[in-house]
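J.: My questions will all concern the structure given below.
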Amino acid sequence: MKPVYMINGFLESGKTEFISFTLAQQYFQVKGKTLLILCEEGEIEYDPVLLRHSRTEIELIEKEEDFNPAHLTDLEKLHKPERIIIEYNGMWNYKNAKLPWYWKIEQQITTIDASTFPMYYTNMRSLLAEMIRKSEMIIFNRCDTVREQLNTYKRNIKAVNASADVIFEDAKGEINEIFEEDLPYDLTQDVIVLDNEGYGIWYLDSMENLDRYVGKKVRFVAMVLKPESFPKGYFVPGRMAMTCCAEDMAFLGYACEYKGVDSLREREWVKVTATVSKEYWEDYNGEGPMLHALSVEKAKAPKDAIISFT
């Protein structure tokens, strides 16, 4: 298998800077050549000295139709690299990208200019979603002037790719901030009541910061889901959410222990009051949020049955 590193992002999002930084690192100075495939030319050019020291050869693909397995294979045969980096064109739909069958994507990273993110998120959301959907890491750079928006940006990304690592950087480097003060509910309350907005934020935040919620009580209106694979006495109270566009719908909910599960009907609406814990669950492939119901009451469907992260 030929290892491939896919770097996504719109023009001037910081792809070249990230790749240059990577090529300069000692851990990347390994045996053999690197083939760097550029799918667009940005304002920043690669340093010839860096390319020479890192034994990197550059090939430019200017047309989307030329990004195909046959042409990519020809480039590989020409240079015989040990590894391949692809600086992908953000205006090409990543869904259509096809690699030679024996190329294996080792890592996929998306870079985003935080100062222009709202414009792309509003006007080119489908293209952006395809880029970040399978990315392991999302890097927001140039965050200096939009620090108060970073919590919202993170939720936007997590709604599409909950498992991605989201990193924020400003002129001084990586930003490590706790956004607890931006939550739309009070964590000090005896019972944290979650409305539509609150439920979506709580669901995403509890993935990243579960310790904030362990031992706390939450209350929310939810739809009942009873997976056949679940053991007796468990169900999933959750909400349908539109994570990107109308075609991207997902059910957001965590496993909940409740002795009265047999009395619940699939897809009925209930008001759940539960305690949050951190436990092993097979579907999580490890530890994650677990709910223990204190009460489950019949409820009416909310006016806005679908949560939107848009």
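The values are calculated or read from the model by the stated rules, or taken from the named source; none is laboratory data. These numbers were taken from a predicted model, which means no experiment stands behind them. Heads up, the Cβs are rebuilt from the backbone with ideal geometry, glycines too, and the neighbour counts pull from every protein chain shown. SASA here: full protein model, heavy atoms, side chains in, ligands and nucleic acids out. Shrake-Rupley method; radii C 1.70, N 1.55, O 1.52, S 1.80 Å.
J.: Mind jotting down the distance between the C-alpha centroids of the stretch 205-231 and the stretch 261-310, whole Å?
T.: Going from one Cα centre to the other spans 6 Å.
J.: Compute the distance in nm between two label points, each set 7 Å from the Cα along the Cα-to-Cβ direction, one at E208 and one at A301.
T.: 3.2
J.: Please compute the modelled spin-label separation between K217 and M242, points set 7 Å along Cα→Cβ, answer in nm with one decimal.
T.: Result for the modelled spin labels: 3.5 nm.
J.: Hey, another quick one. Over the stretch 1-78, average the accessible area per residue using a 1.4 Å probe and give it in Å², no decimals.
T.: Values: 4320 Å² over 78 residues.
Ligands and nucleic acids excluded, the figure is 55 Å² per residue.
J.: What number does the stretch 160-310 give for Rg over Rh if you use C-alpha atoms and the Kirkwood radius?
T.: Looking at the stretch 160-310, the ratio lands at 0.97.
J.: So what is the accessible area of the stretch 210-302 per residue, in Å², with the probe set to 1.4 Å?
T.: 53
J.: Please identify which residues in the stretch 102-117 have an amide N closer than 18 Å to a label point set 7 Å out from the Cα of K77, following the Cα→Cβ vector.
T.: 102-103
J.: Filter the chymotrypsin sites (Phe, Trp or Tyr not before Pro) in the stretch 68-174 to those in DSSP coil with at most 10 other Cβ atoms within 10 Å of their Cβ, and list the result.
T.: Hits after loop and neighbour filter: W101, Y102.
J.: Expressed as an acute angle from 0 to 90° and rounded to the nearest 10, what is the orientation of the C-alpha long axis of helix 196-208 relative to the principal long axis of the chain?
T.: The angle comes out near 60 degrees.
J.: Dipole size in debye (nearest 20) for the stretch 32-91 around its Cα centre, Lys and Arg Cβ +1, Asp and Glu Cβ -1?
T.: With only Lys, Arg, Asp and Glu charged at Cβ, the dipole is about 520 debye.
J.: Rounded to the nearest 10 degrees, what's the angle between the helix 69-79 long axis and the longest principal axis of the chain, both from Cα atoms, 0 to 90?
T.: Helix 69-79 sits roughly 50 degrees off the main axis of the chain.
J.: Now a separate question. Given an 8 Å cut-off on Cα distances and at least 6 residues of separation, report the relative contact order of the stretch 128-269 as a percent.
T.: 18 percent.
J.: Moving on. Restricting to DSSP loop positions (anything but H, G, I, E, B) with no more than 12 other Cβ atoms inside 10 Å of their own Cβ, which trypsin sites (Lys or Arg not before Pro) remain in the stretch 1-37?
T.: K31
J.: I'd like the distance between the alpha-carbon centres of the stretch 33-85 and the stretch 160-176, rounded to an integer number of Å.
T.: 27
J.: Pairs K217/K259; K172/K278; K154/K271; K104/K154; K31/K95: which exceed 25 Å Cα-Cα?
T.: K172/K278; K154/K271; K104/K154; K31/K95
J.: Let me check against my output: what whole-number percent is the relative contact order of the chain, with C-alpha pairs under 8 Å and at least 6 apart?
T.: Numbers: 576 pairs, mean separation 42.4, N = 310.
Answer for the chain is 14 percent.
J.: Return the equivalent ellipsoid semi-axes of the stretch 49-183 as a descending list in whole Å, where each equals the square root of 5 times an eigenvalue of the C-alpha gyration tensor.
T.: Square roots of five times the eigenvalues give 32, 18, 13 Å.
J.: With each label point set 7 Å from Cα along the Cα-Cβ vector, what nm distance links Q26 and M1?
T.: Result: 2.8 nm between the two label points.
J.: Can you pull the percent of the chain's accessible area that's carbon plus sulfur, 1.4 Å probe, other chains left in place?
T.: Carbon and sulfur together cover 49 percent of it.
J.: Moving to a separate point now. For the chain, what is the Kirkwood hydrodynamic radius in Å, using each pair of distinct C-alpha atoms?
T.: Details: mean 1/r = 0.0459 Å⁻¹.
After inverting the mean inverse Cα-Cα distance, the result is 21.8 Å.
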